[in-house]
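Engineer: Pasting a structure here, questions to come.
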Amino acid sequence: MQQLEQALKTALQTAAQAVFGVEIPAASLVLQPTRKDFAGSFTFVTFPLTKTLGKGPEQIGQALGEWLKASEPRVSGYNVVKGFLNLEITDAEWLNLLQTVLAQPAGAPVAVPGSPQRVIVEYSSPNTNKPLHLGHLRNNFLGYAVAEIIKATGAHVTKANLVNDRGIHICKSMLAYQRFGHGETPTSAGIKGDHLIGKYYVLFDKHYREEIKQLEAEGVATDVAKKQAPLMTAAQEMLQQWEAGDEEVVGLWRTMNGWVYEGFDETYKTIGVDFDKFYYESDTYLLGKARVEEGLEKGVFFTKENGSVWVDLQAEGLDEKLLLRADGTSVYITQDLGTAELKYEQFGYDSSIYVIGDEQNYHMQVLQATLQKLGKPYAEAIHHLSYGMVDLPSGKMKSREGTVVDADELVREVVEAAKAATLEKGKTEGLSDSELEQLYHMLGLGALKYYLLKVDPKKRMLFNPAESVSLEGDTGPFIQYSYTRTASIGRKANEMGISPKLDVTAIDELHASERDLIQELARYGSVVGSAAQTMSPAIIAQYCYELAKAYNRMFVQVPFLSEPDEAKRNLRLALSARVGEQLKTALGLLGIQVPERM
């Protein structure tokens, strides 16, 4: 496809020189797909040339189009709509392009010149004081998809998960369990370990708020009450005990985190994401402290009167940032400094992508600027994939108040919705109970992943439960169904003993829907390259939808197995098979599986 576009751009330059005696700058030569309601495959916008050529946009389009039709063998016709020159490509060129597409396996690596070759993508990064929720699902789906998309360019990609397993927030859950747990376990409670610990995180906040209100009633200012509340001071003391290696505290920490990890593993398996490497804040914070000491020795960090350590980033347009508390305990960025170094030592990355919500934009700027202050060679390789938060119709989610959409519960709901929709259509004959359960899971999870990934990562999004489980329109299940249609046609062809052999020389003329489908198939490489460079799975999602729509248009407009012309039938069967392969590959980059029947 890129070769065809480049040939058309070169022809446009030649046409401008021949007709107007003017050389068009390469930057002005932008081709875009022609809108479906107009004839043509590629559109060239002539408005930007009016000043240079001294002609009206339609006059420029007519002159260029006439020259191309007469002199460029790839162009069979043209039409001009205001300032848009729509170019029609010869069927011979489309068939040549199809042969080029079919010569490459659907999942062959897509070369992207100049792209990084050693990439580490960090995502999920849960706290061990609560279960995964809707916001975590967007993070996990984004991270997994970005890793798979970059991997599709031939890069060596490591999927990493930094588990935030220590800190004041973890101590809050531990303290609440110590005070109110009475020895409860996931087994005795009959719930997953991560849900059990999340229950105590919420319980801490409930009692903490009560203590603040009591202090306020006694005349203590709110800000002071928050710091002096007995539960908060006890949690801070527990953090100090943990960092000092107190056996009882560390023992409780290990037990409770163990419960959480079992719960996380179950959720990860259910939602279909995986990791090559796990990092734990409890392991990396000490390395981070060593980097803080290094910064003090180099004179790029400073100590305040209370003993806390800071970095001054005002010259970088930021602010002063705390790196180590006065009591010697670390903060988030302490361990981030250590983790960045550890990842570089282990993988020597030339790109380190952090999938973190846009609420942490400032934090990530500080991390990179601090590493630059330390003169670390990997500072420039840091890239923040900043994504918008997921809101509910009722407002923002808050874990400590228990106002979140639980990930496990949400997955169960979308699977049940997929089951109900499938049973309503009555298309379950011939499938066993286990096959049906697998189908419902694929459709439900496909609906959820597609819903969260089809929105550009940078955009904040509103989670609409009703829309998320819809199985019609611009949805994952619609695309999955399109795949099963290709699989069904393939099976029927086999049953009929048809072994299609594509012979493009026997094709006299293509149907418009066939041209459109070939063009969509040929776009795959540029789509993957664009998605990898912009770290936007939404580009892949949109491509899957467009490819599925193009295929379904062809399906209803021309016959497949009943086509009497053998050459045309074989062409359509080849197109159908390739669409199936490409949909399966592209959806796979999003972590979406496809059923063979539905």
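Only the coordinates and a few stated rules stand behind these numbers; no lab work does. The shown structure was predicted, so the numbers you read here are calculated from the model rather than taken from an experiment. Glycine also receives a Cβ, built like all others from the backbone with ideal geometry; neighbour counts cover every protein chain displayed.
Engineer: Determine the distance separating the Cα centre of the range 436-465 from the Cα centre of the range 477-504; give it in Å without decimals.
Structural biologist: 27
Engineer: Can you tell me which lysines have their Cα less than 18 Å from the Cα of Lys51? Leave out same-chain residues fewer than eight positions away.
Structural biologist: Straight-line reach from Lys51, under 18 Å: Lys82.
Engineer: Given the C-alpha centroids of the range 249-267 and the range 101-179, what is the distance between them in whole angstrom?
Structural biologist: Cα centres, the range 249-267 to the range 101-179: 20 Å.
Engineer: Also, quick follow-up: Strictly over 21 Å apart at the Cα level, which of Lys492/Lys584; Lys277/Lys449; Lys289/Lys373; Lys277/Lys459 would you flag in this model?
Structural biologist: Lys277/Lys449; Lys277/Lys459
Engineer: Now, a different point. Just to confirm a number: summing +1 for Lys and Arg and -1 for Asp and Glu over residues other than Lys343 whose beta-carbon lies under 14 angstrom from that of Lys343, what do you get?
Structural biologist: -3
Engineer: Same structure again: Just going by the charge dipole of the chain, with Lys and Arg at +1 and Asp and Glu at -1 on Cβ, which of Tyr378, Ser488, Gln13 is farthest out on the positive end?
Structural biologist: Gln13
Engineer: If you count the DSSP beta bridges with both ends in the chain, what percent of them are antiparallel, to the nearest 5?
Structural biologist: 50
Engineer: Right, another one. Throw me the Rg/Rh for the range 2-89, computed over C-alpha atoms with Kirkwood Rh, two decimals.
Structural biologist: We get a ratio of 0.91 for the range 2-89.
Engineer: Sticking with this one: On the first, second and third principal axes, largest extent first, how far apart are the outermost C-alpha atoms of the range 532-580 in Å?
Structural biologist: 45, 17, 11
Engineer: Run the numbers on the chain and let me know its relative contact order in percent, using alpha-carbon pairs under 8 Å that are six or more apart.
Structural biologist: Normalised by residue count, the contact order of the chain is 15 percent.
Engineer: A follow-up question, please. To one decimal place, what Kirkwood hydrodynamic radius in Å is obtained for the chain from all pairs of distinct Cα atoms?
Structural biologist: 27.7
Engineer: Any idea which of Thr52, Pro73, Ile24 is furthest toward the positive side of the dipole for the range 2-89, if Lys and Arg beta-carbons carry +1 and Asp and Glu beta-carbons -1?
Structural biologist: Sorting the options by dipole projection puts first Thr52.
Engineer: Give, as a single signed number, the net charge of other residues whose beta carbon lies under 12 Å from the beta carbon of Ala217, with Lys and Arg counted +1 and Asp and Glu -1.
Structural biologist: Net local charge, Ala217 excluded: -3.
Engineer: Using θ = phi - 60° and the Karplus form 6.51 cos²θ - 1.76 cosθ + 1.60, what ³J(HN,Hα) does each residue of the range 550-562 get, whole Hz, x for Gly and Pro?
Structural biologist: After applying 6.51 cos²θ - 1.76 cosθ + 1.60, I find 4, 5, 5, 4, 5, 4, 8, 9, 9, x, 9, 5, 8 Hz.
Engineer: Please give the net charge around Tyr144, taking every other residue with its beta carbon less than 10 angstrom from that of Tyr144, where Lys and Arg add +1 and Asp and Glu add -1.
Structural biologist: 0
Engineer: Pop out the Kirkwood hydrodynamic radius of the range 458-591 from its pairwise C-alpha distances, inverse of mean 1/r, in Å to one decimal.
Structural biologist: One decimal place: 16.1 Å for the Kirkwood radius.
Engineer: While we're on this one: Please work out the ratio of the alpha-carbon Rg of the range 123-401 to 2.2 N^0.38 Å and round it to two decimals.
Structural biologist: Against the empirical 2.2 N^0.38 Å value, I get 1.05 for the range 123-401.
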